[in-house]
Amino acid sequence: MAWHRPRGDLVRILSFAFCLACALCARLVAHDAPPAAPSPSAAAIGVDDAMLAPAFWIAQVRDPDRVLLAPTEIAALNARILRDDPSMHDLRALPAMLSASQVRGWIQARSARPTRTLYDAQGRPVPAATLDALHDALALAAIAAETPTRYGLIVRRAALRTFPTELRVFSRPGDADIDRFQETAEYPGTPVVIAHASRDGPWLFVVSPRYAAWTRRENVAAGSAAQVFGYLDQPYRVVTGAKARTVYTPERPELSQLELDMGTRVPRLVDWPSGQPVNGQGAEAAYVLQLPYRQADGTLAFAPALLPKVADSADAQLPLTPANLIRQAFKFLGERYGWGNDYDGRDCSGFVADVYRSMGVELPRNTGDQAASPALAHRAFTAADDHAARMRAIAALRTGDLVYIPGHVMMVLGWYRGAPYVIHDTAGIVYRDGAALRARKLNAVAVTPLLPLSFADGSAYVDRITSIVHIGH
């Protein structure tokens, strides 16, 4: 496979038809086949219960504990992504004053007034007057010619929205899963620049390292650059489970049972005095974390909270190995799909980003940006790549590779009996049953074979892959 670095969100329907291409026969030799095939519990998917455990897939990988990138190499990769990827924002490099054109550009790029018909949760068309009011709430005319660069930290899992509104809108009546005003979610401790406020005040337009959108004011605590960046540069614990929660505490309700998603780094107070309680509780069975919170005046402050030692966390990011990629991905198996990390979950690109973040790699947020990032090694495909060329690229897939089609990404688990399998966060599948295409809703993180996947029109995924990203040696 030829890897290069050219410059440069969700397909809802996948399908399955069970035929494997001849170009993959070599994989029967390159990958040891287990002694017996699975007995599929769902013939349309071809996945049985044994295949829904990480150990099954780790057993298919030769040298599953090999390190794909060392910590220093990951740090260098992250620096390239932050520097070279146009979807990323280096907050530390921003000037002391932001120009009106910069702020207006961020907002207009995210909050363009919709031109198509959208529907509310009751299936009614959203009136034009409502959309006009949302656009007016952007208060673009109120942006000063120059404004001081203001910083803050996200203090709880925060939805980032297209417009400063909680209004949920959808593409079709009766289809209330994908809220088109939901952009993403940021996790506690994420640094942001506070660029603007909505006309009525309850919303802030914030810029994080990976995104720029609107969030509720109460999700952000404003602080100095020294406070914000100093918070990031401390010894920490990293959440390695799908989710972890701080210990319940009535003394500090804002820090009680705070949700921390996979990959979240939280400073640890390593010098906390032995025997000294935290919020009325002994700390012997927990790690003492330092968490940000928003004071009554909106400013940033910090307080200790406990993370149970039984929670899935580590004192550093996990080594980037095939085995860890598989284990981490399987921690999300069966989680509800959430467009823009809605529903307290994540979408396809959020899923792979959180898996890789737990090993230190900071991927861009959306599929298109991940697929075409100039900082990531990837094989890009165009209409000039015929089926045979694409199958040769498929034959070279390795565990952890990211396979992109328009609006969707899948992570390669490995090979089984000469066929590649993937794990991905998907709204649904369509599979071929003889000459018929049959639909099945999933709305979950699922394991599927790769080659049978196709679109609703019957075209194979393999023939519409836009990019394959490989991270590591």
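The values are calculated or read from the model by the stated rules, or taken from the named source; none is laboratory data. The structure displayed is predicted, hence computed values, not measured ones. In this analysis, Cβ positions are derived from the backbone assuming ideal geometry, glycine residues included, and neighbour counts consider all displayed protein chains. The protein model used for the area step is the full one, side chains on, heavy atoms only, and it has no ligands, DNA or RNA in it. Shrake-Rupley method; radii C 1.70, N 1.55, O 1.52, S 1.80 Å.
For this structure, a couple of remarks:
- Rh (Kirkwood; distinct C-alpha pairs) - the stretch 348-473, Å: 15.0 Å
- When the Cα convex hull of the stretch 278-327 is projected onto planes of every orientation, the mean area is 5.4 nm².
- Maximal additional length on extending the ALA100-ALA435 stretch stands at 114.9 nm, based on 0.36 nm per residue less the C-alpha distance.
- Taking every DSSP helix (H) stretch of at least 4 residues in the chain, weighting each as -39,500 (n - 2.57) and dividing the sum by the residue count yields a mean residue ellipticity at 222 nm of -5000 deg cm²/dmol.
- With every protein chain in place and a 1.4 angstrom probe, the accessible-area ranking of THR299, THR184, largest first, reads THR299, THR184.
- A simple packing score, the average count of other Cβ atoms within 10 Å per residue, orders the peptides 132-143, 194-205 as 194-205, 132-143, with the highest score first.
- Ranked by how many other beta carbons lie within 10 Å on average, peptides 405-413, 49-57 from highest: 405-413, 49-57
- Ligands, DNA and RNA are left out, and with a 1.4 angstrom probe the accessible area of the chain is 40 Å² per residue.
- Computing volume of the Cα convex hull per residue in Å³ for the structure here picks out one of (1) 227; (2) 187; (3) 163, namely (3).
- Cα-based radius of gyration of the stretch 35-176 once divided by 2.2 N^0.38 Å, which approximates compact folds: 1.66
- Look at where the Cα atoms of the stretch 213-292 and of the stretch 407-473 average out, and the two centres are 38 Å apart.
- Computed over protein heavy atoms with a 1.4 Å probe, the carbon and sulfur contribution to the accessible area of the chain reaches 54%.
- Coarse-grained scattering of the stretch 98-174 at q = 0.20, 0.26 Å⁻¹, given as base-10 log I(q)/I(0) from a Debye sum over alpha-carbon atoms: -0.99, -1.27
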